[in-house]
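The values are calculated or read from the model by the stated rules, or taken from the named source; none is laboratory data. Fair warning: this is a prediction, and the values are worked out from it, not measured in the lab. Cβ placement follows ideal geometry from the backbone for every residue including glycine, while neighbour counts extend to all protein chains displayed. Areas reflect the complete protein model, heavy atoms only, side chains present, ligands, DNA and RNA absent. Shrake-Rupley method; radii C 1.70, N 1.55, O 1.52, S 1.80 Å.
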Amino acid sequence: MLGVSIDQYGFLVQGAFWTIVLSLMGFVGGTIVGLPVALARISRGWFLCRVSSAYVQFVQGIPLPVIMFVVYFGVSIYGFDVNALVAAAIAMTLYSSAYLGEIWKGCIQAVPKTQWEAGECLALTSVQRFIYVILPQALRIAVPPTVGFLVQIVKNTSYSVVIGFFDLTYSAKILNNATFKPFVIFTAAALIYFAICFPLSRYARRFELRLHRRNA
Amino acid sequence: MTVISMNSVHTPVAPQDGAQPMVSFRDVHKSFGALEVLKGIDLDVMPGQVAALIGRSGSGKSTALRCINGLEKINGGELTVCGRNLRARDFELRELRKEVGIVFQSYNLFPHLTVEQNVTLAPRKVNGLDAAESRALAAEVLEQVGLSDKALSYPEQLSGGQQQRVAIARSLAMRPKLMLFDEVTSALDPELTGEVLRVIGKLAAGGMTMVLVTHEMAFARQVADLVVYMHQGRVWEAGKGTMLDDPQTVELRQFVGSGL
């Protein structure tokens, strides 16, 4: 098909599989680290607030490919031989945790202050207020921007090409070297990325509309 | 002004000799930054009494109310509520909140919970009631506010008046000794204020100690044992509801005359 064999397209799909794997690892890791970051950002503790804020600003101030390099080469200096998948997953975790932490902080703050107050006046402890009153409302608000950010995660896994991780972009690059059909191959790769991201965008949009309707 | 008819007429409670006041302000001061909102308040509310705080906006009446359950911390003087000195070193704010219920102008119901869950959240988590106990409790307090059939509704499915009655039921479910009402009908359409005021009137008739900030003068006159006119951060005039018919100060006369 267009001078590229079925097997070669299969090679792209293999790459796409690893793109999805890395995206999921980035999202799960980003959630595990990002949730505490969000909580620390809204905490009243001066230290937690400063440290988490510094973390977010630091990570957001570094381009993702550089984070990839630092993790991949930086760690191996100390004698740990990290493979590209582990390095890419750590880098994606750092990257997505900083952004998810910031997104979720906003969602928690979007719950009206009067809800905290109402819980307080019913003698609920601060932990009870957060778990039973604030969190369920913040989660509902968080769905659209979180799904939206998933799209960014999927697209940005392509930066792992700089450390030689075999993902969709990398497989396309190899295939191009073998076939010299850059337009066909990169267009095919683009379509696969789009096929992964488009449903996510649609979901995000639909959740958003549903949320607006509920609030209307 | 909403004129309401009540089935039960509240008989005023005369302060008994020797009884401790439920709420006691002594020269209470409160400032927000440079702005002094309360300039030395003295006020006693006895058990079973209904006190209505009236006055123009900015007179400090809402702030005074919010001080009673510790939502605002006082800067000077002494404030004792349910026998607890709010400035004592061993004062436990959460313990006070178990005994003092408050209802706000904007209801502040939990939108993600059903009416029944709204009402039972605190009794379950704070007082440790089990599922059966809390359901029975919800049935009881929802009946008190006339919303037995709405237990499984969500707040957004209710009218403003119904939401406010749920908010009252939510407070009652903690079995408070004292109820505070902060302009609870101000956000409601006139035709909905009556149903809320009737519930409050019924509570008063049942002997609940209450402090309410209100613009409903007819209501204040009708249910309050003690009407407190606040002006510029001070208690300007205080007395029985009949005081509104014969104001002693120019300020109260103007306030009553303005039809607020």
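Averaged over its residues, how many other protein chain Cβ atoms are within 10 Å of peptide B:90-98's Cβ atoms?
Mean number of neighbouring Cβ atoms from other chains: 2.
Using θ = phi - 60° and the Karplus form 6.51 cos²θ - 1.76 cosθ + 1.60, what ³J(HN,Hα) does each residue of region B:148-158 get, whole Hz, x for Gly and Pro?
In residue order, the calculated couplings are 4, 7, 10, 4, 9, 7, 9, x, 5, 8, 10 Hz.
Could you list which residues have their amide H under 5 Å from that of B:Val235, counting only those 5 or more apart in sequence or on another chain, with H placed in the peptide plane?
B:Asp42
Please compute the volume of the convex hull spanned by the alpha-carbon atoms of the protein assembly as shown and report it per residue in Å³.
Measuring per residue, one finds 208 Å³ for the Cα hull of the protein assembly as shown.
Based on the Cβ-Cβ distance from B:Ser153 to B:Phe32, what FRET efficiency comes out when R0 is 41 Å, to the nearest 0.05?
Using R0 = 41 Å, I get an efficiency of 0.60.
For the protein assembly as shown, what proportion of DSSP beta bridges, expressed in % and rounded to the nearest 5, is antiparallel?
Antiparallel bridges: around 55 percent, rounded to the nearest 5.
Amide H neighbours of B:Val227 under 5 Å, at least 5 residues apart or on other chains, H built in the peptide plane: list them.
Here B:Ala52, B:Gly239, B:Lys240, B:Gly241 satisfy the definition.
How do the peptides B:22-33, B:45-56 rank, highest first, by the average count of neighbouring beta carbon atoms within 10 Å per residue?
Answer by packing, highest mean first, reads B:45-56, B:22-33.
Between A:Phe183 and A:Phe17, how high is the FRET efficiency from 1/(1 + (r/R0)^6) when r is the Cβ-Cβ distance and R₀ = 30 Å? Nearest 0.05.
With R0 = 30 Å, the Cβ-Cβ based efficiency is 0.80.
Please sort A:90-103, B:233-246 by packing, taking for each peptide the average over its residues of neighbouring beta carbons within 10 angstrom, highest first.
Per-residue Cβ counts within 10 Å, averaged per peptide and sorted highest first, yield A:90-103, B:233-246.
Which length gain, in nm to one decimal place, applies between A:Leu135 and A:Ser53 when the Cα-Cα distance is subtracted from 0.36 nm times their residue separation?
27.4 nm
State, in square angstrom and to the nearest 100, the accessible area buried between chains B and A, both chains counted, probe radius 1.4 Å.
Interface area, both chains combined: 1800 Å², rounded to the nearest 100.
Which of these, A:Tyr193, A:Tyr203, A:Tyr72, has the largest mean-square fluctuation under a Gaussian network model of chain A (Cα springs below 10 Å)?
A:Tyr203
Check which residues have an amide H placed less than 5 Å from B:Leu178's amide H, if you skip close sequence neighbours.
Sorted by chain and number, the residues that satisfy this are B:Gly101.
Averaging sequence separations of C-alpha pairs under 8 Å and six or more residues apart, then dividing by the length of region A:63-128, give the relative contact order as a whole percent.
25 percent
Looking at chain B as a GNM with Cα springs under 10 Å, which of B:Leu65, B:Leu113, B:Leu86 has the largest mean-square fluctuation?
Most flexible of the set in this elastic network: B:Leu113.
Restricting to Cα pairs below 8 Å that are 6+ residues apart, what does the relative contact order work out to for chain B? Please round to a whole percent.
Relative contact order comes out at 29 percent.
Let me know the mean shielding of B:169-179 by other chains, meaning the per-residue number of their Cβ atoms within 10 Å of its Cβ.
Mean shielding by partner chains, rounded to a whole number: 1.
Which whole-number percent is the relative contact order of chain A (Cα, under 8 Å, 6+ apart)?
Averaging sequence separation for qualifying contacts and normalising by length gives 31 percent for chain A.
Let me make sure I get this right: for region A:75-216, a, b and c are the square roots of the gyration tensor eigenvalues over alpha carbons, sorted descending. Under 1.5 in a/c it's rounded, otherwise prolate if a/b > b/c, else oblate. Which is it?
oblate
Just how large is the dipole of chain A about the Cα centre, in debye to the nearest 20, putting +1 at every Lys and Arg Cβ and -1 at every Asp and Glu Cβ?
In total the dipole reaches around 740 debye.
Within 10 Å of each Cβ in B:110-117, how many Cβ atoms from other chains are there, averaged over the peptide?
4
Can you spot the lysines whose alpha carbon is less than 28 Å from A:Lys181's alpha carbon? Ignore those fewer than 8 places along the same chain.
Cα-Cα hits under 28 Å: A:Lys155, A:Lys173.
Run the dipole for the protein assembly as shown about the Cα centre, Lys and Arg Cβ at +1, Asp and Glu Cβ at -1, nothing else charged, and hand back the magnitude in debye, nearest 20.
Once rounded to the nearest 20, the dipole reads 1060 debye.
Can you compute the FRET efficiency between A:Ala110 and A:Val28 using 1/(1 + (r/R0)^6), with r the Cβ-Cβ distance and R0 = 22 Å? Round to the nearest 0.05.
Once the sixth-power term is evaluated, E becomes 0.35.
Which one of B:Pro176, B:Asn127, B:Cys82 has its Cα pushed farthest toward the positive end of the charge dipole of the protein assembly as shown, where Lys and Arg give +1 and Asp and Glu give -1 at the Cβ?
Value: B:Asn127.
Taking 7 Å along the Cα-to-C-beta vector as the label spot, tell me the A:Gln152-B:Lys177 distance in nanometres, rounded to one decimal.
The answer from the label model is 5.3 nm.
How far is it, in nm, from the label point at B:Ala19 to the one at A:Val86 when both lie 7 Å from their Cα along the line to the Cβ?
7.5 nm
Step through the residues of region B:183-199 one at a time and calculate ³J(HN,Hα) from phi using the Karplus curve (6.51 cos²θ - 1.76 cosθ + 1.60, θ = phi - 60°), rounding each to whole Hz and writing x for Gly and Pro.
6, 6, 10, 5, 8, 9, 5, x, 6, 9, 5, x, 5, 6, 5, 4, 5
Under a Cβ-Cβ cut-off of 14 Å, what is the net charge of the residues other than B:Thr185 that fall near it, where Lys and Arg count +1 and Asp and Glu count -1?
Charge balance in the 14 Å sphere: -4.
Just to confirm my numbers, what's the Cα centroid distance between region B:173-195 and region B:56-116 in Å?
With region B:173-195 and region B:56-116 each reduced to a Cα centre, they are spaced 15 Å.
How big is the antiparallel share of DSSP beta bridges in chain B, given as a percent to the nearest 5?
Given both bridge residues lie in chain B, the antiparallel proportion sits at roughly 55 percent.
Which whole-Hz ³J(HN,Hα) couplings does region A:23-31 yield from phi under the Karplus relation 6.51 cos²θ - 1.76 cosθ + 1.60, θ = phi - 60°, glycine and proline marked x?
4, 5, 4, x, 6, 5, x, x, 5
Multiply the residue gap between A:Leu209 and A:Asp7 by 0.36 nm, knock off their C-alpha separation, and tell me the result in nm, one decimal place.
68.6 nm
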